[in-house]
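No lab work stands behind these numbers, since they all come straight from the coordinates. This is a predicted model, so every value here is computed, not measured. Note: ideal-geometry Cβ built from the backbone for every residue, glycine included; neighbour counts use all protein chains shown.
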Amino acid sequence: MSAGGGTKAIIAALSANLAIAVAKFVAFLFTGSSSMLAESVHSVADSGNQALLLLGGKRSQKRENRRHPFGYGRERYFYAFVVAVVLFTIGAAFSLYEGVEKIMHPHHVESPIWAFGVLIFAIIAEGFSFRTAILESRTLKGDHSWFTFIRRAKAPELPVVLLEDLGALLGLVFALFGVAMAVVTGDGVWDGIGTLMIGVLLAIIAVILAIETKSLLIGESATPEVEDKICEALEGAPEVSRVIHLRTLHLGPEELLVAAKIAVEHDDTAADVAKGIDEAERRIREAVPIAKVIYLEPDLYRAEADRAPTA
């Protein structure tokens, strides 16, 4: 996986979640807290999610073949979508069920010191993982807000890890709240409320991830900034008078398909046009290195055709 895929962030999150999952489950055995059980399942689901992201990154590196002539770059989008589904079905659904069950049949939290100790350890570990994801994302984020970064990122791994880690930290706070209130009041219903809050949080994150990764799966164009660079590169070629229309499509996070109709002079020879196309392709790849597949169609510019819808 390329550096843009955030492998370091995924491995940090996987390591943290495996350790946290074991600690949470041990705490559940000692306390009987439904919040701890929900958080255990949450960490197990997160660990599986990170493993899926790593698998998607590995499979996306397969070479193109006759059946898949544009390669397997979208494998990363598919596995990121599976992560959203897993997060909802395993994490959110289980937590919601367990929360309702504990509210209807409250249970006293035993040995709360175990719960508090594990939750504090988990917050520290998740904080380390979250910090790693932020540092790995900052270069790609640039001057954009975090919300815009999550919406516009073409590499799905970093937004997934960021939202998972944020959800994990908030979930730990909810679990700490539920356990603390159950201990202070002596009412186990609070434990169920904390669990229910975790389930709602996971469901919200899962829906956001599903929407964003679905958009990538369907096919997203390059950002406006990248398309502007492509147009500048094309129109900078001496044999190209203008770009009539441009279409781009991400075949993967680091692989872009570029298709453009370019205007050439009416008296250019075939050799001039061929030379111009070669130069235009070179300029595009120089300006946008991820432009791996380029199709250019030469044409004569007609203002009325430019205004008409393209086929």
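Values for this structure:
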{"quantity": "All-pairs alpha carbon distance profile, region 179-275, 10 Å steps from 0, percent", "calculated": "13, 24, 18, 13, 11, 9, 7, 4, 1"}
{"quantity": "Region 224-307 - Debye-derived log10 I(q)/I(0), Cα point model, q = 0.12, 0.20, 0.22 Å⁻¹", "calculated": "-0.32, -0.85, -1.00"}
{"quantity": "Candidates Met181, Met197, Met104, ranked by Gaussian network fluctuation over the chain, Cα under 10 Å, top entry", "calculated": "Met104"}
{"quantity": "Per-selection metrics, the chain (Cα): Rg and Dmax in Å", "calculated": "25.3, 89"}
{"quantity": "Peptide ranges 235-243, 214-222, 184-192 listed from the most packed, as the mean C-beta count within 10 angstrom indicates", "calculated": "184-192, 235-243, 214-222"}
{"quantity": "Loop-located trypsin sites (Lys or Arg not before Pro) in region 58-108 whose Cβ has at most 14 other Cβ within 10 Å (DSSP)", "calculated": "Lys62, Arg63, Arg66, Arg67"}
{"quantity": "Whole-number Å³ per residue for the convex hull built on Cα positions in region 137-236", "calculated": "95 Å³"}
{"quantity": "Where N is the number of residues in region 225-274, Cα Rg divided by 2.2 N^0.38 Å", "calculated": "1.28"}
{"quantity": "Mean ellipticity per residue at 222 nm, deg cm²/dmol - from DSSP H runs of n ≥ 4 across the chain, formula -39500 (n - 2.57)", "calculated": "-22500 deg cm²/dmol"}
{"quantity": "Ranked list, fewest to most other Cβ atoms within 10 Å of each Cβ, for His266, His105", "calculated": "His266, His105"}
